[in-house]
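Below is one structure, written out as structure tokens; comments come after it.
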Amino acid sequence: QVQLVESGGGLVQAGGSLRLSCAASGIIFSSSNMAWYRQAPGKKRELVASITTAGTTNYEDSGKGRFTISRDSAKNTVYLQMNSLKPEDTGVYYCRASKTAIFDFWGQGTQVTVSS
């Protein structure tokens, strides 16, 4: 029933931009905290950015000033705008919808590759 479908990934040169989208269904979007995570090969999955139901945002240190997370309630979609991309941003980006002690859902991920 619950689906989180990511899109917008691809291959981009260093310095370029991408906008990732995560379309949610099967949940009450307005009551869900949303986040983006990145997992590089052989690495642990790490938080990139998050946005609460109230609109409060947080970012990993390396993404501050370059990445922007936002949510569109009308479309039940969360976005991650990534600018000035670096090779170290490469990885599979996963969308997460969660509410502490209630639910925790993940998308299947979208590949982002940044070439030097």
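Read the figures in this text as sums done on the coordinates, not as results from a lab. All values derive from a computational prediction rather than experimental measurement. With ideal geometry, Cβ positions are generated from the backbone for all residues, glycine too; neighbour counts draw on all protein chains shown.
Worth a mention:
- Here the Karplus curve 6.51 cos²θ - 1.76 cosθ + 1.60, taken at θ = phi - 60°, turns the phi angles of region 45-55 into couplings of 6, 10, 5, 9, 7, 9, 9, 7, 4, 8, x Hz, with x standing for Gly and Pro.
- Residues of region 23-58 with amide N under 13 Å of a point placed 7 Å along Cα→Cβ from residue 103: 24-34
- If a spin label sat at a point 7 angstrom from the Cα of residue 70 along the line to its beta carbon, the backbone N atoms of region 1-42 nearer than 14 Å would be those of 18-22.
- Amide hydrogen proximity for residue 85: with H placed 1.01 Å from N in the peptide plane, the residues at 5 or more positions away or on another chain lying under 5 Å are 15, 16.
- Residue-wise HN-Hα coupling along region 2-14, computed from phi with Karplus coefficients 6.51, -1.76, 1.60 (Hz; x: Gly, Pro): 7, 9, 10, 10, 8, 7, x, x, x, 9, 9, 7, 3
- What the phi angles of region 83-90 give under the Karplus curve with 6.51, -1.76 and 1.60, with θ = phi - 60°, is a coupling list of 10, 6, 5, 10, x, 5, 7, 4 Hz, glycine and proline written as x.
- Quotient of C-alpha Rg and 2.2 N^0.38 Å, computed over region 46-101: 1.17
- Reachable lysines, given that their alpha-carbon falls under 22 Å from the alpha-carbon of residue 75 and they are not under 8 places away in the same chain: 99
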